[in-house]
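The values are calculated or read from the model by the stated rules, or taken from the named source; none is laboratory data. Keep in mind that what you see is a predicted model, and the values were worked out from it rather than measured. All Cβ positions, even for glycine, are placed from backbone atoms using ideal geometry, and neighbour counts span all protein chains on display. Note: areas computed on protein heavy atoms with side chains; ligands, DNA, RNA excluded. Shrake-Rupley method; radii C 1.70, N 1.55, O 1.52, S 1.80 Å.
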Amino acid sequence: MKPGLNRRRFLTISAAAAALPGSAWAQPPVARWRGQALGAAASMTLVGMTDQTAHEIFAAVGAEVSRLEQIFSLHRPGSALRRLNGAGRLASPPAEMLELLGLSQSLHQVTGGAFDPTIQPLWQVHALSAARGEVPEAATLAEARSRCGWNQLHYDAAEVSFSRKGMALTFNGIAQGFIADRVAALLRRRGLRDLLIDMGEIAALGRRPDGGPWRAGIATPEGEIVRQVQLAERALATSAPLGTLLDPGGRVGHILDPRSGEPGGQWRLVSLAAERAALADGLSTAFCLMDRPAITAALAGYPDVSLEALL
């Protein structure tokens, strides 16, 4: 299966718009890091440092990303999420998982169920069928849907557990933003103020090397930049149903509607800015499945969030 453009690459495609040089003289040095986060390319730009002086910071960021992957990765052996999905319960869950579960619950409520991390059993059925060039049988989908549902998930500091056997979680619609937030917090604690982080979703602090605001382009899955936005102490997240394709023919997108169990999308692309990348990430995922009145109603509960693109 040859996937389409991964949604984590939307903003990376336009990263040049976020780091355009101004006048060449009297600019501070810039250090740039490239790595991976949850299996996709990631990058970071630090103003006022060289690659040599930033070596220790780069190592700390890499370690933090790896630590968070050990919690949220669906693929890393022994991750907290894989242990939960495999056993149906996880004792003493990491604080970061509890935090993300709490945010997910709020998003589930405000989006009328459009955001639901328990969608993983359905995603597995669709992904397997799409790779084979098949359409899932109704009975197979019904069985998978019976193993989904936020109300069948229970969590507290002692344990995360499922009510039904065979349930599973995915944080793919929100974890990238959460990691961006955590990396930003790490860099703030180290006294850094001017930086750009791209962990699949973008977080921007302070200013560019030329003193201007960071700029990020919002791009379609085909790579067309449809808008540029300025960011200062803000994060930007973009989602598109066809941003990642499950089938070789390019018809089945990766965003599933938990309410129908089918691949969905009322919009080609949704982009949001907020103080927290995780919030923008989760809402942009859900808004792909919601009509404009429902989106407007949901945004009323988040005055910090701005809708930057809806196509």
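Full extension of the chain segment joining Q27 with H75 gains 13.1 nm, where the gain is 0.36 nm per residue of separation less the Cα-Cα distance. All Cα-Cα distances of region 195-311, cut into 5 Å bins from zero to the largest, leave 2, 12, 21, 22, 19, 13, 6, 3, 1, 0 percent in each bin in turn.
Out of the total accessible area of the chain (probe 1.4 Å, heavy atoms of protein only), what percent is carbon and sulfur? If you can, show how the numbers build up before the last one.
Numbers: 6960 of 13290 Å².
For the chain, the apolar C and S fraction of the accessible surface comes to 52 percent.
The Rg/Rh ratio for the chain is 0.97, where Rg is the radius of gyration of the alpha carbons and Rh is the Kirkwood radius. Taking a point 7 Å out from the Cα of A185 in the direction of its Cβ, the residues of region 267-285 whose backbone N falls within less than 13 Å of it are 276-279. Highest mobility in the GNM of the chain, judged by mean-square fluctuation with C-alpha springs under 10 Å and restricted to T140, T118, T238, is found for T140. Near A42, the amide H atoms lying under 5 Å from its own belong to G35, Q36, A37; only residues 5 or more places off or on other chains count, and H is placed 1.01 Å from N.
Averaged over its residues, region 172-311 has an accessible area of 36 Å² per residue, based on protein heavy atoms and a 1.4 Å probe. Extension gain for R89 to A138 (0.36 nm times residue separation, less C-alpha to C-alpha distance): 14.8 nm. Entry comment: accessible area of region 68-115 is 41 Å² per residue, from protein heavy atoms only and a probe of 1.4 Å.
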